[in-house]
1. When the stretch 187-222 is examined, which residues are found to be buried (at least 21 other Cβ atoms within 10 Å of the Cβ), away from the ligand (no atom under 12 Å from the Cβ) and within 12 Å of the chain's Cα centre (by Cα)?
2. Would you confirm, using the coordinates I've provided, whether residue 181 is away from the ligand (no atom under 16 Å from the Cβ), open to solvent by 10 Å² or more (accessible area, probe 1.4 Å) and not β-branched (Val, Ile, Thr)?
3. Here are the criteria: (1) within 16 Å of the ligand (Cβ to nearest atom); (2) open to solvent by 10 Å² or more (accessible area, probe 1.4 Å); (3) not in a helix (DSSP H, G or I). Tell me which single one residue 173 does not satisfy.
4. Looking at the stretch 151-166, is at least one residue open to solvent by less than 30 Å² (accessible area, probe 1.4 Å) and over 24 Å from residue 263 (Cβ atoms)?
5. Which of the residues belonging to the stretch 9-22 are assigned to a helix (DSSP H, G or I) and either free of Cβ contacts under 8 Å to residues at least 12 places away in the same chain or open to solvent by less than 10 Å² (accessible area, probe 1.4 Å) (or both)?
6. When both residues are 6+ apart or on different chains and their Cβ atoms are under 8 Å apart, which pairs have a first residue that lies in the stretch 202-219 and is within 14 Å of residue 345 (Cα to Cα), and a second that is within 8 Å of the ligand (Cβ to nearest atom)?
7. Kindly provide the set of residues from the stretch 275-318 that are of a type in the set (D, E, K, R), more than 28 Å from residue 121 (Cβ to Cβ) and either assigned to a loop (DSSP other than H, G, I, E, B) or free of Cβ contacts under 8 Å to residues at least 12 places away in the same chain (or both), ordered by number.
8. Considering only the stretch 95-107, how many residues are surrounded by fewer than 24 Cβ atoms within 10 Å (Cβ to Cβ), away from the ligand (no atom under 16 Å from the Cβ) and farther than 24 Å from residue 231 by Cα?
Amino acid sequence: MNRQSLLILGSTGSIGTQTLDIVRMHPDKLDVFGITAHTNWKTLAEQINEFRPSFALLVDDSSFNNLRESVTHDHTTLLCGQKELEELVKSDDADTVINSLVGFSGFRPTITALSAGKKVALANKESLVVGGALLAKYLNGNYDRLIPVDSEHSAILQCLVGEDIRTIEKLIITASGGPFRTWSKHQIKKATVRDALRHPNWDMGSKITIDSATMMNKGLEVIEAHWLFGLPLDHIEAVVHPQSIVHSMVLFNDGSMKAQMGLPDMRLPIQYALTFPDRWPLASQHIDWTVKQQLTFEPVDPNRFPCYELALQAIDTGDYAPAVLNASNEVAVERFLKEEISYIEISEIVEKSLSHITNSDTLSVESLEAVDREARAYARII
Ligand code: MN3
């Protein structure tokens, strides 16, 4: 059997490094063709030295010399820049592109990879949130081109194997509730960056951790599910499940409900995206049913988590609204992390941006990029 050759976009981030863990476990089945990083040349150099990919790319050119000096062999062609990244994605020798870029920057590579005939394991949910309408043509109902890495969507995919999509009544996406699940509205108003970065169950990058605290992440995931599984919004709901054991559920038309469960470990959905519809062994911790376990569920409170509601409004409005939502949220989260704005201003900036920015052009990659730029500029100054 030929090894599956992987191009990992964002190899130094949380998903990227865990993808490489999986490669370490299955060297007979997986091969690293290429890895890319935005700025983290040190980790990228270590990865190049260990995995000896054919290509490695650093987007940020200011550290390219540092990278070059840290690589100990000449097996890897070193590249630099955003344009080169687009070219690398098209390369014939990559079977699967793992897109774990953060934010809107992951959108174009997703489109490029799909149109070059690649399988895409998608950890960049913003691609679907912003450009779902453009990606829809690659979603053929077999889920074999665009495979979610997000744990909730992977859970749904696992529940759907062997099922007819027409029998789905509802997708139920679970949410941990984040660090402010039990906080009052008044307490949340005073939340600091440190408070918001303290996620109870998952260890993730800072952007997604803040999105979990505001529950924008769950709103983005509802939009992601809407496009991935082709269901209208009223067939998708979110429920808070603080233990993060049930990763999501599907309700069928006979009242039967399937859930996918496991201890929180992103390596499982990453690996499943590479092996779907097969399974490979994965050394991981399991739930211990010999001790008392409690799984609880509670509704999402839109009053304390307005970002969740804003996301649903954006997909309901359609067209460019999800792009505005995403861009303004990315900027607001950045500004919050720099302590330029307070926690509560994240949702206020998103709300103002949604009512301020509209566009009537036909939807395209270029027009989405234009709206993205406009929304970012606006969110930076309000
Ligand atoms: Mn998720």
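1. Selection gives nothing.
2. Considered against the rule, which asks whether it is away from the ligand (no atom under 16 Å from the Cβ), open to solvent by 10 Å² or more (accessible area, probe 1.4 Å) and not β-branched (Val, Ile, Thr), residue 181 comes out as no.
3. (2)
4. Within the stretch 151-166, not a single residue is open to solvent by less than 30 Å² (accessible area, probe 1.4 Å) and over 24 Å from residue 263 (Cβ atoms).
5. Correct list: 16, 19, 20, 22.
6. Taking only residues 6 or more apart or on different chains, the pairs are 211/217.
7. 288, 292, 301, 304
8. Within the stretch 95-107, residues that are surrounded by fewer than 24 Cβ atoms within 10 Å (Cβ to Cβ), away from the ligand (no atom under 16 Å from the Cβ) and farther than 24 Å from residue 231 by Cα number 3.
The values are calculated or read from the model by the stated rules, or taken from the named source; none is laboratory data. What you see is a predicted model, and the numbers here were worked out from it, not measured in a lab. Every residue, glycine among them, receives a Cβ derived from its backbone with ideal geometry; neighbour counts consider all protein chains shown. These accessible areas exclude ligands, DNA and RNA; they are computed on the full protein's heavy atoms, side chains included. Shrake-Rupley method; radii C 1.70, N 1.55, O 1.52, S 1.80 Å.
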